[in-house]
Structure formats: C-alpha cells, structure tokens
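Undergrad: Below: one structure in structure tokens.
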Amino acid sequence: MKEKTRNYKIGIFVISALTILILFIIVLGVGNLFQKNLILETYFDESIQGLDIGSIVKFRGVKVGTVKEISFVQDKYKLDPTSDKFFQGRYVIVKMNVKDLFNLTNKEQVEKLVTQMASKGLRVKLTSQGITGTSYLEIDYVNIDSNPALEISWNPNEIYVPSTKSTITKIGATMEEFLKKLDDAEIEKIARHIDDLVVTLDTTLKAANVKDLSLQGVQLFSEVRDTNSELKKIFVNPKMQNLPDKLNESLTLMSTSMNKLNNMLSSNNKDISSAVENLRVVSEDMKEIITNFKKYPSYSFFGEQPKSSELGKK
C-alpha cells in the first residue's frame with residue numbers, strides 16, 4: 001500500500017513538472033510564433049571566420065535576428081562559366097532571419113524600401129566580438145564613396161542588403177598597399193642621396209670656418225655682458241634713483257612758470273593791443289614815405305614838389 005502511494009506521488013510530480021515545462025516553452029515561444037520575420041540576403045568577398053549559423057545580427061547595435069544560412073553563391077545560383085562574372089561564384093552568401101522592422105504589407109514594398117536605404121549607405125559588415133574569436137553581423141549606415149556595394153550578376157532570391165568589408169580586412173588592405181609602395185620605392189637610391197647630402201653638409205661646415213665664427217660669437221656675448229654690467233651700475237647709482245623725483249619737480253616748476261606767463265599776458269592784453277596798433281600806423285606811414293620817395297626823389301631833399309603850371313612857364 002505504501003509502495004503504491006509513493007509511486008502515485010512520483011507520477012504526480014513528473015506530470016506536474018512536464019506541464020510546467022511545456023507551459024514555459026509555450027510562453028517563451030508564443031511571441032516568436034506570431035512575430036513576422038524577414039529573410040535578408042547578403043554576400044561577402046572575404047573570409048567570414050568566426051561567423052556561424054545562429055550568430056547574432058544587429059541593426060545599429062540592437063539585436064534584430066540571427067544568421068540562418070551560410071553557403072557559396074555558386075551553390076545557390078547558376079553562373080555561366082564562360083562569363084567574366086563567373087568569379088563572383090566565390091562570394092559567400094549569408095541569409096539572415098530578422099524581425100520585421102518596417103511593418104509593410106508585402107515583400108515588394110520591403111524590397112523597394114531596403115533598396116532606397118542601401119542607396120543611402122545601408123550596409124552589412126562582419127564584426128568581431130573581441131578575443132573570443134566569434135563574430136556577428138552589424139547592419140548600419142556607412143559612407144557610400146568609401147564603401148561601394150559588391151557587383152552581382154544575378155537576381156537575389158531574398159531581400160538583398162549590400163555588404164562592406166570588415167574593419168580588419170580594410171586595415172590589412174591598407175597595410176598591404178603601404179608595403180607595396182614601400183617595396184616599389186627606390187630605397188637604395190634614396191640612401192645614396194642622403195649620403196651625398198651628409199658629405200655636402202660636412203664640406204660646407206668646414207668651409208664656413210666654424211671655429212672663427214664661434215670665437216666671434218663668444219666675443220660678442222662678452223661685450224654684451226660688459227654692457228649689461230655698465231647699465232646695472234648706472235641704474236644702481238643713487239643719483240639715478242632720485243631722477244624721477246627731480247624730473248617731476250622740474251615739470252611742476254615749468255607748469256607754474258607757464259601759468260604765470262599766461263596771467264601776465266592776460267592782465268596786459270589792452271596795452272599790448274595798443275602797442276600793436278601804433279606799430280601798424282607807423283608801418284603804414286613809413287610805407288607812404290617810401291612810396292613818395294620813389295616817385296619824387298627831389299621832394300625828399302628840396303621840399304614840396306613843383307606845380308605843373310610853373311614847369312610850363314619856365
């Protein structure tokens with residue numbers, strides 16, 4: 001009897017646990033069950049090391065989905081082996097399952113909107129998560145001129161979002177270009193020019209008689225030092241210390257004298273004006289005498305000038 005009771009309790013416990021687990025799964029999955037998702041497709045012409053199915057997909061830093069499929073373009077699309085575009089089959093195709101961010105009614109509208117966004121710089125980029133070695137996909141806007149879209153020669157089956165090179169790939173390409181330019185540079189020729197420049201500079205310095213120039217410079221500094229010492233002696237002199245006070249006293253005396261002179265001129269202004277008027281009258285009289293002397297010189301020596309009638313009788 002006790003054995004049956006214990007088995008009954010165990011059965012109830014197992015059934016309850018399974019029921020709770022099922023309800024928990026339903027609660028967690030009901031949101032995804034009714035959530036509308038989109039399938040996006042992109043291509044990479046580089047290694048996608050660290051990216052796997054289930055890797056995170058972010059839009060401007062916010063998780064919006066996961067990686068659904070990874071393959072090669074040549075496995076999904078038929079390319080003409082004779083075409084010069086056949087090399088595009090090496091591209092890696094990545095399909096992403098993301099939630100619908102646009103709330104549009106049909107796929108054609110979404111494709112049109114995504115195409116417009118891509119023309120504004122929307123790109124998918126492979127991003128590393130650090131030292132873990134895993135990677136995720138980042139969807140964001142970038143500069144169109146420095147991040148052109150890959151050229152494709154087929155019509156994608158899903159909504160297409162162009163990709164751009166990862167940061168590590170860009171750094172590697174830049175370093176490779178720098179090393180190529182460094183390799184193309186004529187290092188040996190540049191080194192020879194540097195040696196010639198050093199020799200020329202050495203010859204020029206020797207011809208400039210640096211020893212004499214140095215001696216003249218020492219003499220110049222010595223003279224400047226002596227001049228500085230003399231100036232210090234002059235300014236330290238007690239007489240020079242009192243110079244500002246004496247200058248101030250002199251200026252005060254000069255100002256007082258000017259004020260006295262101004263007062264004297266103001267008090268005698270009438271007498272000065274009368275004297276100036278008398279000088280003016282005397283000047284006019286002298287001017288008249290000189291004029292008559294020039295016309296009638298005899299008048300100045302013999303008296304009044306003769307009349308015209310008397311001159312006629314004679």
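The numbers here are math on the coordinates, done by the rules we state, and not lab data. On a predicted model such as this, the values are computed, not experimentally measured, just so you know. Note that each Cβ is placed from the backbone with ideal geometry, even for glycine, and that neighbours are counted across all protein chains shown.
Undergrad: Report the local net charge at V110: Lys and Arg +1, Asp and Glu -1, summed over other residues whose C-beta lies under 14 Å from its C-beta.
TA: With Lys, Arg at +1 and Asp, Glu at -1, the net is -1.
Undergrad: If you build the Cα gyration tensor of segment 131-176 and take the root of 5 times each eigenvalue, what three semi-axes come out, in whole angstrom, biggest first?
TA: 22, 16, 11
Undergrad: Taking 19 Å as the cut-off for C-alpha to C-alpha distance, list the pairs among K63/K99; K107/K165; K68/K112; K68/K125; K99/K120 that go past it.
TA: Over 19 Å apart, Cα to Cα: K107/K165; K68/K112; K99/K120.
Undergrad: Restricting things to alpha carbons, tell me how big segment 35-165 is in terms of Rg and Dmax, in Å.
TA: 14.5, 44
Undergrad: What residues have an amide H closer than 5 Å to that of V64, excluding those fewer than 5 places away on the same chain, when H is modeled at 1.01 Å from N in the peptide plane?
TA: Under 5 Å from the amide H of V64 lie the amide H atoms of V57, K58, F59, each far enough along the sequence or on another chain.
Undergrad: Give me F44, F59 ranked fewest to most by other Cβ atoms within 10 Å of their Cβ, as a rough exposure proxy.
TA: F59, F44
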